[in-house]
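Heads up, the thing below is written out as structure tokens.
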Amino acid sequence: AGSLIGSICSPMIPKIYFRYFLIAACPLVLWVVWNKQLFIHEVKEHVARSLSFLIAVGMVVGFYDGFFGPGGGTFMLIGLLWGVRLPLFEALLLSKLANTLSASVSLVSYGVQGFVHIKTGVIMAVGMTVGGFMGASLATKKAEKIVRPVLVFVVILLIVLQIKELTNS
């Protein structure tokens, strides 16, 4: 539901604001990813949360994911780790499932609104699938040495490109 609401609201915002939002959100995502101690903790006890709390976390992260997207899966992971206090592996699995569902709802919503370019999307999906398999393989072998530095490089490059675009417009 949050993703649907976010994807309906997103087209109402002028595009220039998304550049500012990206510049602000990227360092936060980088900080979370770089601080692995945030993720690696032993769950001493599963904290029972009310259904309304779980729905609220899902709505907020779903809205963000549908509205903007980058880091939505990471924020869901954080919600499941910190808010629900699930062990890392279960939180990873559930965050992937929730992110897939959220992205699917957003895709359908954006498609209904006429914002989806099928040909470009299919080409990107093929590239992302190949890259995902390559990245997963590499991450299981050399995560510490390669994945985080590459992520940092890509996010910094993205920030620089967004700032450059802002100064050119």
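Determine the relative contact order of the chain: mean sequence separation of Cα pairs under 8 Å and six or more apart, normalised by residue count, in whole percent.
On the way: 133 pairs, mean separation 55.8, N = 169.
Relative contact order here is 33 percent.
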**Asked** Among PRO70, MET12, MET124, whose Cα lies farthest out toward the positive end of the dipole of the chain, if unit charges sit on the beta carbon of Lys, Arg (+1) and Asp, Glu (-1)?
**Response** MET124
**Message:** Please check: in the Gaussian network model of the chain (C-alpha springs, under 10 Å), which one of VAL150, VAL126, VAL108 has the largest mean-square fluctuation.
**Reply:** VAL126
**Asked** Quick one: Karplus J couplings for the range 76-91, per residue in order, coefficients 6.51, -1.76, 1.60, θ = phi - 60°, nearest Hz, x for Gly and Pro?
**Response** 5, 4, 4, x, 6, 6, 7, x, 9, 6, 6, x, 3, 4, 5, 5
**Complete:** For the range 17-29, Karplus-derived ³J(HN,Hα) couplings (6.51, -1.76, 1.60; θ = phi - 60°; whole Hz; x for glycine and proline) come out as 5, 5, 4, 4, 4, 5, 4, 7, 6, 4, x, 5, 4
**Request:** List, in order, the whole-Hz ³J(HN,Hα) value for each residue of the range 120-136 obtained from phi through the Karplus relation with A = 6.51, B = -1.76, C = 1.60 and θ = phi - 60°; use x for Gly and Pro.
**Result:** 4, x, 5, 4, 5, 5, 4, x, 5, 5, 4, x, x, 5, 5, x, 5
**Message:** Can you give me the C-alpha center-to-center distance between the range 53-87 and the range 88-138, rounded to a whole angstrom?
**Reply:** 16
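Hey, what's the per residue convex hull volume over the C-alpha atoms of the chain, in cubic angstrom? Show your work: numbers first, answer last.
Details: hull volume 21.3 nm³, N = 169.
It is 126 Å³ per residue.
Given a Förster radius of 30 Å and the C-beta distance between LEU151 and THR100 as r, what FRET efficiency does 1/(1 + (r/R0)^6) yield to the nearest 0.05?
Numbers: r = 20 Å, r/R0 = 0.68.
Plugging the Cβ-Cβ distance into 1/(1 + (r/R0)^6) gives 0.90.
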**Request:** Quick one: pull the percent of accessible area on the chain belonging to carbon and sulfur, 1.4 Å probe, ligands and nucleic acids left out.
**Result:** 75
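The values are calculated or read from the model by the stated rules, or taken from the named source; none is laboratory data. Everything numeric in this text was worked out from a predicted model, so none of it was measured. Neighbour counts are summed over all protein chains in view; Cβ atoms, including those assigned to glycine, are modelled from backbone coordinates with ideal geometry. Just the protein is used for accessible areas: all its heavy atoms, side chains included, with ligands, DNA and RNA removed. Shrake-Rupley method; radii C 1.70, N 1.55, O 1.52, S 1.80 Å.
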